[in-house]
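Below is one structure; the comments refer to it alone.
The values are calculated or read from the model by the stated rules, or taken from the named source; none is laboratory data. Computed from a prediction, not measured in an experiment: that's the story for all the values here. When we count neighbours, we look across all protein chains shown, and the Cβ atoms used for this are built from the backbone with ideal geometry, even at glycine. Surface accessibility is based on the protein's heavy atoms, side chains included, excluding ligands, DNA and RNA. Shrake-Rupley method; radii C 1.70, N 1.55, O 1.52, S 1.80 Å.
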Amino acid sequence: MKALKIQQIIYTAICLCVFSFLFTGCKKLVGLPLQENQDHIVTTLDPHIKMSAWDFLKSRALGTSGFKDSIFYRMYQGILYSGIDTNEYTKSGRTFIFLHNDAILRRSGNPATTQADSYFGKYKVNNAAATKWEDYPMEQVKNYLLSLIVQGEHSFENTYPDPKFEKTLLPLESDPLNPQSLIAFRVINDRDSRFRINDFPGSAVPLPSSNPPGIQARTAGILSTNGPVHVVDRVLFFQRQ
């Protein structure tokens, strides 16, 4: 009987508060204050980095310009070794694929071994994983880096679910697996808007049996003063099955 009376009291209090809220504005519910309205400031991260792609790469390779990491250090080493003209990273109207250190050398396991989804693990030297850029011919490294510079600016605002094939600076016919020097971009049409590279029907990247194919950018849509930058943490290449 007492339990029934308590339930009736609570029910009555709730009904009175709802009635009061609808017509006069209820400040409390069963003795507890209601949460008041708060203005929430909505902000969007600015993708503009206010520096050239080259300056951005150097800053994240050498830990300058306020950055404390060196995630592009191995790529920076490769650029210097290859002899590529670094002005290529300052010209406008281009898209740049930057290699996180893991895309070049990634070791895991026990004992630690160089993984095949990193450049040093995929492109072996005398059937063994490489340990440094100098294990490769300079021309090979230069051509690979040129395949990561794309003609035109391609980012989220002009990339769609269907793969879009674009030309890179890789010299034509220099790579028998990619004689047209192409790269493909697409954006997955979902709430995450994932930026995918070389994800297209018949792609052999990263392995012929991969489903889905292609590489997902670790970070995409970084806007330098001379073009978008997309970062990958796995070895990227163009190849059809």
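Computed from the mean reciprocal separation of all distinct C-alpha pairs, what Kirkwood hydrodynamic radius does the range 104-231 have, in Å? So the Kirkwood estimate lands at 16.1 Å. Round to the nearest 0.05 the FRET efficiency obtained for Thr64 and Thr225 when R0 = 25 Å and r is the Cβ-Cβ distance. So, using R0 = 25 Å, E works out to roughly 0.90. Only protein heavy atoms count here; under a 1.4 Å probe, Lys50 has an accessible surface of about 150 Å². When both the range 163-241 and the range 118-155 are represented by their alpha-carbon centers, they are found 15 Å apart.
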